[in-house]
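> Please read through the structure below; I'll follow up with questions.
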Amino acid sequence: ELIGQRPADIVRKLMEMGQMLTFNQPMNMDVASMIAEEAGVKVEISVEKAGDELLEAVVQAGEGDERLEPRPPVVTIMGHVDHGKTSLLDAIRQTKVAEGEAGGITQHIGAYTVSVHGKQVTFLDTPGHEAFTAMRSRGAKVTDIVILVVAADDGVMPQTIEAINHAKAAGVPLIVAMNKIDKPEANPDRVRNALSEYGLISEAWGGDTIMVEVSAKQKTGLDTLLEMILLQSEVLELKADPHRQAKGTVVEAKLERGRGPVATVLVQNGTLKVGDVFVVGTFSGRVRALLNDRGVKTQQATPSIPVEVIGLPGVPSAGDVFQVVSDERVAREIADERAQKQRSADLAGQTKVSLDDLFARIKEGSAKELAIVIKADVQGSSEALAAAVEKLPTPAVRIRVIHNGVGGITESDVLLAAASRAIIIGFNVRPEPKAANLAEQQGVDVRLYTIIYEALSDIKAAMEGLLDPTL
Ligand code: GDP
């Protein structure tokens, strides 16, 4: 009926093709396509699919011809603690953003973009290789270029080496920023020498690693550094297609008073627009508003540009893929299916979080984050423990202290931990009897310590799969 052919003619054609069918029998897709195309009808095959398979199909259907255009590089700053990562990020932001732009004052949304000779560079605001690798372990490849900050007065340190290895493992090119060049003790040649032992040979010495001397404090060398980033990005020929539906990665997400759930999405392909329908993690929705890194409302964001998205029904996780789709129903279906899967995993008890099975979950890829509730006998201890725990070098998962307080472990602590899939650490405190029962019932892992070091070493051991099983 649709292709305007009489059933008898189709049955005859089928016979010619060796298909002995009557007209109320099903035929396969290829045969149907051939017959329709013979009748001059273009065929698009649509298959009922579920969830992520459906998403894949919808996205592919929208793909068509690519029209690639150059896009700005996305840069992550890494290096040893105190070598000046944060100072460098702030210095670049201050000198480059203030220059007469609307909004002027930058908002910390997890990433920002600066303009250099009319070209743009985007910086991710969370320095360090832990965040970088945590994202990467979730499959999100966001960074194009790594800036390795090495303090010229201090040289190559353990985290410098870690950063080099993480960048190498990801296959991301690296530019060295030799910082604190203003200091009298600065000795850039000594640093060049030390770096050469790790395969980073400066161009001045006949190698191919770009090294720039900078001072984040005195704001010198920043322009050269930015120019080198642009140069490197030309070599990389970074491209994306701004003409299609957007796909990006969540770099930061939070619940804000008055604004509700807000996520910073780094657009990686396509153009994100107000009104777009999207799926991110277990949520679907429609973009109500977009705000740029100056906190100014904007109508759209092109590749490599970070924007805050308003209109989410919940808070996604950093590293989640943000995908625009054309059909609201499809978006909802996909999100629902993912939520369903998560719920059934919850019911199957897979999400009971404990330190004992942390390593196994890291290995199977289901642990992205270890959430912790800390209770201690005095304020000082709870804060010290929280700070120390968050500082643990844990490349595979992000540690997040969701609550820390003083006093015994209460039912409310347990409920919070159960809802957030967190473990509880008690320092010189015990659970109240009712809380102990609830923890048992909810399968919340409660660990009690009297020595901070032991708590830290247990967490570390758990990450590495070396924790002695508890009895
Ligand atoms: P991060 O841990 O790598 O983020 O390092 P910070 O940015 O917090 O810097 C550590 C310390 O080094 C701070 O006290 C900064 O003021 C100082 N610092 C950073 N950059 C420079 C610089 O270029 N020159 C000097 N003299 N000090 C710097």
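Where a number appears in this text, it was derived from the coordinates with a stated rule and is not lab data. Here the structure is a predicted model, which is why all the values come from computation and not from measurement. Positions of Cβ are generated from backbone atoms using ideal geometry, with glycine treated the same way; all protein chains shown enter the neighbour counts.
> Are there any GluC sites (Glu not before Pro) in the range 196-274 that are in a DSSP loop and have at most 16 other Cβ atoms within 10 Å? List them by number.
Sparse-neighbourhood loop GluC sites (Glu not before Pro): Glu197, Glu237.
> Say each of Glu197 and Leu448 gets a label point 7 Å from the Cα, pointing the same way as Cα to Cβ; how far apart are those two points in nm?
So the label points at Glu197 and Leu448 sit 4.8 nm apart.
> Report for the chain the percent antiparallel among DSSP-assigned beta bridges with both residues inside it, nearest 5.
Bridges in the chain that DSSP calls antiparallel: roughly 55 percent.
> Relative contact order, percent, of the range 156-241 when contacts are C-alpha pairs under 8 Å separated by at least 6 residues?
Value for the range 156-241: 26 percent.
> Express in nm, to one decimal, how much length is gained between Met27 and Val235 on full extension, taking 0.36 nm for each residue of separation and deducting their alpha carbon distance.
Computed gain between Met27 and Val235 is 69.7 nm.
> Counting only residues 5 or more places away or on other chains, whose amide H sits under 5 Å from the amide H of Asp320 once H atoms are built in the peptide plane?
Val250
> Which value in nm describes the separation of the simple spin-label points at Glu256 and His243, placed 7 Å from the Cα toward the beta carbon?
In this crude spin-label approximation the distance works out to 3.4 nm.
> Between Asp377 and Lys183, what is the label-to-label distance in nm when each label sits 7 Å out along the Cα-to-Cβ direction?
In this crude label model, Asp377 to Lys183 measures out at 4.0 nm.
> If one takes the longest principal axis of the Cα atoms in the chain, at what angle in degrees, from 0 to 90 and to the nearest 10, does the Cα axis of helix 158-170 lie?
10
> Moving on to the next point. For the range 1-31 and the range 230-302, what is the separation of their Cα centres, given in Å?
If we compute the Cα centre of each part, the gap is 48 Å.
> Right, another one. Using 0.36 nm per residue, how much length does the chain from Asp327 to Asn165 gain when fully extended, once their Cα-Cα distance is taken away?
Working: separation 162, 0.36 × 162 = 58.32 nm, distance 4.23 nm.
Full extension of this stretch gives 54.1 nm more.
> Moving on. In the chain, if the dipole is taken from +1 on Lys/Arg beta carbons and -1 on Asp/Glu beta carbons about the Cα centre, which of Pro7, Gln232, Ile409 is farthest to the positive end?
Ile409
> Expected output is a single nm value to one decimal: the length gained when fully extending between Ser354 and Ile402, i.e. 0.36 nm times separation in residues minus the C-alpha distance. What is it?
Contour length minus Cα-Cα distance gives 15.7 nm.
> With +1 assigned to the C-beta of every Lys and Arg and -1 to the C-beta of every Asp and Glu, and no other charges, what is the dipole magnitude of the range 373-471 about the Cα centre in debye, to the nearest 20?
Using only the charged Cβ atoms, the result is roughly 220 debye.
> Given a cut-off of under 8 Å on Cα pairs at least six residues apart, what relative contact order in percent is computed for the chain?
Details: 923 pairs, mean separation 59.1, N = 471.
That works out to 13 percent.
> So, one more: Ordered by residue, what ³J(HN,Hα) values in Hz, to whole numbers, does the range 384-400 give under the Karplus form 6.51 cos²θ - 1.76 cosθ + 1.60, where θ = phi - 60° and Gly and Pro are x?
After applying 6.51 cos²θ - 1.76 cosθ + 1.60, I find 4, 5, 4, 5, 5, 5, 5, 8, 4, x, 10, x, 7, 9, 9, 9, 9 Hz.
> Which order, highest average first, do 354-363, 68-77 follow once you tally other Cβ atoms within 10 Å for each residue and take the mean per peptide? Intermediate values should be presented prior to the final figure.
Numbers: 354-363: 16.9, 68-77: 21.1.
Sorting 354-363, 68-77 by mean packing, highest first, produces 68-77, 354-363.
> Specify the angular offset, from 0 to 90 degrees and rounded to the nearest 10, of the alpha carbon long axis of helix 411-420 from the longest principal axis of the alpha carbons in the chain.
Roughly 50 degrees, rounded to the nearest 10.
> Moving to a separate point now. Over the range 262-371, what relative contact order in percent results from Cα pairs under 8 Å that are six or more residues apart?
Rounded, it is 29 percent for the range 262-371.
> Now, a different point. Enumerate the calculated ³J(HN,Hα) couplings along the range 288-304 in order (Karplus 6.51 cos²θ - 1.76 cosθ + 1.60, θ = phi - 60°), each rounded to whole Hz, writing x wherever the residue is Gly or Pro.
Residue by residue, the range 288-304 yields 7, 7, 10, 10, 7, 6, 9, x, 9, 5, 9, 8, 7, 9, 9, x, 6 Hz.
> Mind checking which aspartates and glutamates have their Cα closer than 19 Å to the Cα of Lys119? Skip sequence neighbours fewer than 8 apart in that chain.
Result set, ordered by chain and number: Glu69, Glu99, Glu101, Asp144, Asp223, Glu227, Glu234, Glu237, Asp241, Asp293.
> Could you go through the range 174-184 in sequence order and give the Karplus-derived ³J(HN,Hα) for each residue, using 6.51 cos²θ - 1.76 cosθ + 1.60 with θ = phi - 60°, rounded to whole Hz, and x for Gly and Pro?
Each residue of the range 174-184 in turn: 10, 10, 8, 9, 8, 9, 6, 5, 6, 6, x Hz.
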